[in-house]
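Handing you this structure, nothing more for now.
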Amino acid sequence: MTEPEQEKQLLHLVIGGELSKLQGVHFRDLDEVDIVGIYPDYESARKAWKAKAQSSVDNAHMRYFVVHLHRLFDPEKD
């Protein structure tokens with residue numbers, strides 16, 4: 001008996017934190033980095049990113065990012 005073919009997961013990580021400078025990506029304190037979560041597709045990750053980014057709009061040094069984890073697992077594919 002074979003397993004049914006599963007849809008490939010395109011995992012995305014949403015993280016954020018306060019940057020030490022407005023230019024570049026250097027977090028002020030790695031212990032304070034906010035790991036929002038891991039999502040099965042870009043659209044759900046984007047929704048989580050947008051919500052967190054909008055909630056921190058008053059802090060110019062706070063940034064949130066979507067990391068394409070699936071690209072790290074299989075860097076040969078786009």
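Report the relative contact order of the chain, percent, no decimals, based on alpha-carbon pairs under 8 angstrom and at least 6 residues apart.
39
May I pose another question? Over the Cα atoms of the chain, what radius of gyration and what Dmax do you get, in Å?
15.4, 56
Rank these for me by crowding, 15, 35, going from fewest to most other beta carbons within 10 Å.
Arranged by neighbour count, lowest to highest, 15, 35 become 35, 15.
Taking the Cβ of residue 34 as the centre, find all other residues whose Cβ is under 14 Å away and add up their charges (Lys, Arg: +1; Asp, Glu: -1).
-1
What value, in deg cm²/dmol to 500, does the helix sum -39500 (n - 2.57) over DSSP H runs of n ≥ 4 give at 222 nm once divided by the residues of the chain?
The helix contribution divided over the chain gives -7000 deg cm²/dmol.
Summing Lys, Arg as +1 and Asp, Glu as -1, what charge do residues with Cβ under 14 Å from the Cβ of residue 14 carry, residue 14 excluded?
+2
With everything on Cα atoms, drop me the angle between helix 42-55 and the longest principal axis of the chain, reported from 0 to 90° to the nearest 10.
20
Residue 73 to residue 30: FRET efficiency via 1/(1 + (r/R0)^6), r the Cβ-Cβ distance, R0 25 Å, to the nearest 0.05?
Once the sixth-power term is evaluated, E becomes 0.60.
Only the coordinates and a few stated rules stand behind these numbers; no lab work does. Computed from a predicted structure; not experimentally measured. FYI the Cβ positions are ideal-geometry reconstructions off the backbone, even for glycines, and counts take in every protein chain you see.
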